[in-house]
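Undergrad: Okay, here's the structure, questions in a sec.
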Amino acid sequence: MQPPDVKIRRKRLDRGIKARTDSVFVIAAPGDIIYVLAPRVLPVVALLILPFFLSEYHQEVLVHASVVGLLALSWDLLACCGLFSLGQSLFFGVGAYMAGMMDYYLHLSIWIGLPLATLSGGAICSILLAPVVRLKGVYFAMVTLMLPLLFRKIIEASGLLGGTLGLSTRGSFPNEWVAVYLGIIVFLGVLFGLRKLIDSDYGLVLKAIRDDDRAVMSAGINIYARKVQALFVAGSIASFAGAFLTYRYEFVGFSVFAWDYAILPLAAAALGGPGTFAGAALGSMILVPLSEALRAMGGLRIASYCLVLMVSIIALPEGIFSFLERKYHQFESLVEVK
Amino acid sequence: MPGETLLKVRGLRKSFGGVIAVGNVGFELKQGDFLGIIGPNGAGKTTLVNMITGFVRPDGGKVYFKGKDITGSRPYDIANLGIARTFQMVRLFYHLPAYKNLIIPLCSKRISRIRGGRFGERDEVALDLLDDVGFERDSYVPYKQAGSLPHGYLKRLDLARALALRPEVLILDELFSGMSMAEVAGVLPLMEKLSDKGLTIIMIEHRLRELFKVAHRVMVLTFGQKIAEGPPDEVMQSDEVKKAYLGTDVELGESGRD
């Protein structure tokens with residue numbers, strides 16, 4: 001029972017923290033510390049210790065979720081500067097084939113081949129798409145949609161790069177744990193790195209390009225150069241994902257240019273909330289395990305998968321993460337008023 | 001240096017389909033000049049500005065800036081040379097806080113060249129600039145989302161965005177349209193101050209009374225043709241201008257505004 005003279009009122013934690021600090025968190029109360037740190041630290045710790053409790057099969061699912069997560073993050077970065085891509089599979093496939101070539105033809109070790117494939121993949125993608133960064137919206141999307149198909153058909157028809165048989169590579173990760181943790185750590189690093197980037201002045205310019213490219217041009221910014229830079233970063237992220245899977249499966253075939261790798265990241269970002277990066281990451285962490293869990297449904301798997309996706313997007317158009325973020329900022333605690 | 005020819009426009013032409021938007025217009029600006037461009041709607045004023053700033057490629061003619069041919073250059077290259085503009089329909093980043101709108105020009109090559117590429121204090125510079133155009137620095141207004149600001153503030157924010165480039169030539173496309181009398185009265189002294197400091201200004205305007213207070217020279221366009229150029233009072237006495245712009249029997253001063 002409360003004594004009659006003590007009143008209780010609701011306090012928005014978020015407001016108090018913002019009022020007391022100016023972008024640097026100088027906070028003391030344990031409640032505040034938990035409030036600020038929990039959403040940042042908990043998911044990281046959870047992801048890092050999770051593999052210890054998982055079977056090999058579930059570890060595989062987690063790695064696959066991280067890979068799709070990287071593709072979704074790469075998609076989200078492009079979306080941030082107004083480039084709507086339907087071709088994450090292009091970046092993914094180029095990275096995968098670059099890794100395959102590094103290993104099959106050049107016999108490079110994985111620790112040289114993986115970073116090389118990442119960067120060269122990013123470079124190839126930005127060179128391929130540089131001529132079309134002037135296109136907007138659906139026109140850019142169409143080009144990115146066509147390119148993976150083109151690559152796939154060229155490899156299929158010409159027999160280059162192993163043709164329909166693909167390339168069997170020899171280099172691989174020393175053991176499972178290295179692969180699992182490399183996947184997770186790069187995924188988390190890219191997630192927090194991109195969030196940091198988009199909050200910087202550089203990221204501000206990228207977002208402004210999406211809003212009004214003419215205003216950005218009149219402010220003396222070469223928007224095409226900025227878009228190509230964003231393409232390089234996004235391309236490198238997705239190329240890493242592709243190269244990573246090549247080394248993990250010790251094989252690369254033209255299936256890396258398949259639709260799945262274009263649609264899954266887009267669906268993940270839409271489910272989680274585009275433009276936040278955390279949304280794209282969260283979305284892929286939900287979608288990939290969900291699609292595995294639905295395997296029991298047999299023939300109806302894809303149907304139920306689509307149903308879940310549609311219902312969630314209609315019910316929460318802003319995305320799961322944006323919804324949670326809003327609730328987080330509105331979080332209230334009860335305090336005594338003296 | 002004062003008196004030096006800064007911007008030279010020679011015979012600019014542009015047609016859209018069969019319509020001649022701008023036909024053979026030329027003028028010269030010396031450093032510190034304040035040129036007003038007036039004319040009825042559709043006279044080609046904005047198209048002329050769009051050609052100078054690189055947003056529209058001219059069919060013919062040349063634009064020289066400090067003696068260098070900049071015809072057909074990219075808008076961002078022209079902006080980096082020091083020609084900044086505002087837009088008739090303000091173009092801003094509405095989801096950003098007002099002061100963050102100015103970060104974009106502060107990230108340009110021109111500003112990193114002038115400021116020596118120092119980073120980290122852009123927010124401060126942005127707030128100073130907003131203070132200049134009348135956003136009260138200690139109020140919450142500069143921190144509000146641009147989309148939630150009233151029209152007059154948006155116009156001034158657009159002006160501040162152009163000024164953030166530290167331009168040598170400032171082109172204002174109907175800055176006063178939609179502004180209240182009080183807001184215009186607030187901006188006019190700033191225009192005079194900038195002009196006195198030696199900034200070269202081109203101002204497209206329909207509000208003649210206010211324009212004539214600040215402009216040194218006025219150019220009149222009708223149907224893409226220049227029909228007069230000179231000091232404001234002289235130009236307005238010309239019969240041709242009265243006929244084209246105001247109608248034949250109008251006395252300036254009564255209906256000269258808007």
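The values are calculated or read from the model by the stated rules, or taken from the named source; none is laboratory data. What you are looking at is a predicted structure, and each value in this text was computed from that prediction instead of being measured. With ideal geometry, Cβ positions are generated from the backbone for all residues, glycine too; neighbour counts draw on all protein chains shown. Please note that ligands, DNA and RNA were not included when accessible areas were found on the heavy atoms of the full protein model with its side chains. Shrake-Rupley method; radii C 1.70, N 1.55, O 1.52, S 1.80 Å.
Undergrad: Can you pull out the residues in segment B:98-117 that are part of a helix (DSSP H, G or I), facing another protein chain (nearest Cβ under 7 Å) and closer than 18 Å to A:I198 by Cβ? Lay out the reasoning, then the answer.
TA: Looking only at segment B:98-117, we keep the residues that are part of a helix (DSSP H, G or I), and these are B:98-106, B:109-114.
Then drop every residue that is not facing another protein chain (nearest Cβ under 7 Å), which leaves B:100, B:103-105, B:109-110.
Hits for segment B:98-117 are B:K100, B:I103, B:I104.
Undergrad: Follow-up. Would you check if B:S73 is within 11 Å of chain A (Cβ to nearest Cβ) and either under 21 Å from A:S200 (Cα atoms) or under 19 Å from the mean Cα position of the chain (by Cα) (or both)?
TA: Working: within 11 Å of chain A (Cβ to nearest Cβ): no; either under 21 Å from A:S200 (Cα atoms) or under 19 Å from the mean Cα position of the chain (by Cα) (or both): yes.
When the stated conditions are applied, B:S73 does not pass them.
Undergrad: Looking at (1) open to solvent by 70 Å² or more (accessible area, probe 1.4 Å); (2) within 21 Å of A:V252 (Cβ to Cβ); (3) at pLDDT 90 or above, can you tell me which one A:P131 breaks?
TA: (2)
Undergrad: Separate question: Which condition from (1) free of Cβ contacts under 8 Å to residues at least 24 places away in the same chain; (2) within 26 Å of B:M203 (Cβ to Cβ); (3) more than 11 Å from chain A (Cβ to nearest Cβ) is the one that B:L172 breaks?
TA: All conditions pass for B:L172, except number (1).
Undergrad: Can you tell me how many residues within segment B:179-208 are in contact with a Lys or Arg (Cβ under 7 Å, 6 or more places away or on another chain) and part of a loop (DSSP other than H, G, I, E, B)?
TA: Number satisfying all stated conditions: 1.
Undergrad: Among the residues of segment B:112-122, are any out of contact with any Cys (no Cβ under 9 Å at 6 or more places or on another chain) and buried (at least 17 other Cβ atoms within 10 Å of the Cβ)?
TA: Here is the first cut: in segment B:112-122, the residues out of contact with any Cys (no Cβ under 9 Å at 6 or more places or on another chain) are B:112-121.
Right, trim to buried (at least 17 other Cβ atoms within 10 Å of the Cβ) and you get none.
No, segment B:112-122 has no match at all.
Undergrad: Which one of A:I49, A:I34 is at pLDDT 90 or above and open to solvent by 60 Å² or more (accessible area, probe 1.4 Å)? Outline the logic, then answer.
TA: Details: A:I34 fails: at pLDDT 90 or above.
The conditions single out A:I49.
Undergrad: A:V190 - would you say it is within 25 Å of A:Y261 (Cβ to Cβ), away from chain B (no Cβ under 14 Å) and open to solvent by less than 20 Å² (accessible area, probe 1.4 Å)?
TA: Numbers: within 25 Å of A:Y261 (Cβ to Cβ): yes; away from chain B (no Cβ under 14 Å): yes; open to solvent by less than 20 Å² (accessible area, probe 1.4 Å): no.
No; evaluated as a whole, the condition is false for this residue.
Condition check ((1) closer than 30 Å to B:Y76 by Cβ; (2) of a type outside the set (V, I, T); (3) part of a helix (DSSP H, G or I)) across all residues:
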residue: A:K227; (1), (2), (3): yes, yes, yes
residue: A:L231; (1), (2), (3): yes, yes, yes
residue: A:I237; (1), (2), (3): yes, no, yes
residue: A:L245; (1), (2), (3): no, yes, yes
residue: A:L282; (1), (2), (3): no, yes, yes
residue: A:A293; (1), (2), (3): no, yes, yes
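Undergrad: Still on this structure: Determine if segment B:19-29 includes at least one residue that is over 15 Å from B:M219 (Cα atoms) and open to solvent by 30 Å² or more (accessible area, probe 1.4 Å). Steps first, please.
TA: Of all residues in segment B:19-29, those over 15 Å from B:M219 (Cα atoms) come to B:19-21.
Okay, now just the ones that are also open to solvent by 30 Å² or more (accessible area, probe 1.4 Å), so B:19-20.
Yes; the residues of segment B:19-29 include at least one that is over 15 Å from B:M219 (Cα atoms) and open to solvent by 30 Å² or more (accessible area, probe 1.4 Å).
Okay, residues lined up against (1) within 14 Å of chain B (Cβ to nearest Cβ); (2) modelled with pLDDT of 90 or more:
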position	(1), (2)
A:D201	yes, no
A:I209	yes, yes
A:F232	no, yes
A:S239	no, yes
A:A243	no, yes
A:Y247	no, yes
A:F254	no, no
A:L282	no, yes
A:M297	no, no
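Undergrad: Among the listed residues B:G72, B:G134, identify the single one that is at positive phi, in a loop (DSSP other than H, G, I, E, B) and not assigned by TED's automatic domain parsing to the domain that holds B:R10.
TA: From the options B:G72, B:G134, the qualifying one is B:G134.
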